[in-house]
């Protein structure tokens with residue numbers, strides 16, 4: 001598939017997913033909006049489920065690319081509170097990411113729980129979180145040792161997920177978005193970081209290791225996307 005067609009299909013699927021929700025959109029709708037034949041879509045995605053899972057993968061890769069760029073610009077972004085604060089604001093500014101992280105079933109339906117790509121994404125995110133926490137601990141940026149505390153990643157996920165899920169409940173968190181992001185950062189700093197401030201050398205060393213981890217996750221996320229689509233993205237992501 002030429003990169004123009006691949007991008008048009010994914011762009012069309014994303015727009016329709018955000019606008020109407022997974023259950024209401026058909027492959028015919030996507031093909032019509034993208035200006036290609038229905039058979040062209042099925043040639044590269046065996047089902048509607050896998051097509052939209054690829055849309056989620058691409059969106060996740062774009063979000064990860066933004067986080068990687070921030071880390072390269074400032075090694076202090078390796079710190080858990082800062083990274084999660086930035087991630088919270090980024091997710092809330094992206095309709096599809098927001099739907100995913102707030103559990104918007106009207107938009108996603110069964111997409112994340114039944115598609116092969118969706119399940120692989122969830123498993124990859126869990127593994128990356130575990131490795132991320134190990135990097136932080138090895139460089140003195142995390143209070144508890146993930147190897148000695150099996151539920152550490154669960155505690156972190158429960159804390160962060162709670163902030164996202166509250167965004168899906170009308171009136172449950174009536175504060176400015178920046179204030180919510182600050183509250184998340186404060187909670188994570190008090191619960192997970194050492195009381196001593198890290199040195200610049202510690203931050204730079206951790207940022208180097210985390211950059212490698214992000215690049216690997218980026219490669220995993222984009223591996224199932226059309227090759228021409230990957231080439232269209234920022235090549236710096238995988239350097």
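Counted over all Cα-Cα pairs of region 9-159, pairs farther apart than 18 Å make up 62 percent.
The alpha carbon centroids of region 168-192 and region 38-103 are separated by 20 Å.
Taking every alpha-carbon pair under 8 Å whose residues sit at least 6 apart, the chain reaches a relative contact order of 29 percent. With R₀ fixed at 45 Å, the C-beta to C-beta distance from residue 182 to residue 33 puts the FRET efficiency at about 0.70. Every helix of 4 or more DSSP H residues in the chain counts as -39500 (n - 2.57), and over all residues that averages to -22500 deg cm²/dmol at 222 nm. Compute the long axis of helix 116-138 from its Cα atoms, compare it with the longest principal axis of the Cα atoms of the chain, and write down the angle in degrees, 0 to 90, nearest 10. The answer is roughly 20 degrees.
No lab work stands behind these numbers, since they all come straight from the coordinates. Predicted, not measured: the structure shown is a model, and the values here were computed from it. Cβ coordinates were reconstructed from backbone atoms using ideal geometry, including for glycine residues, and neighbour counts include every protein chain displayed.
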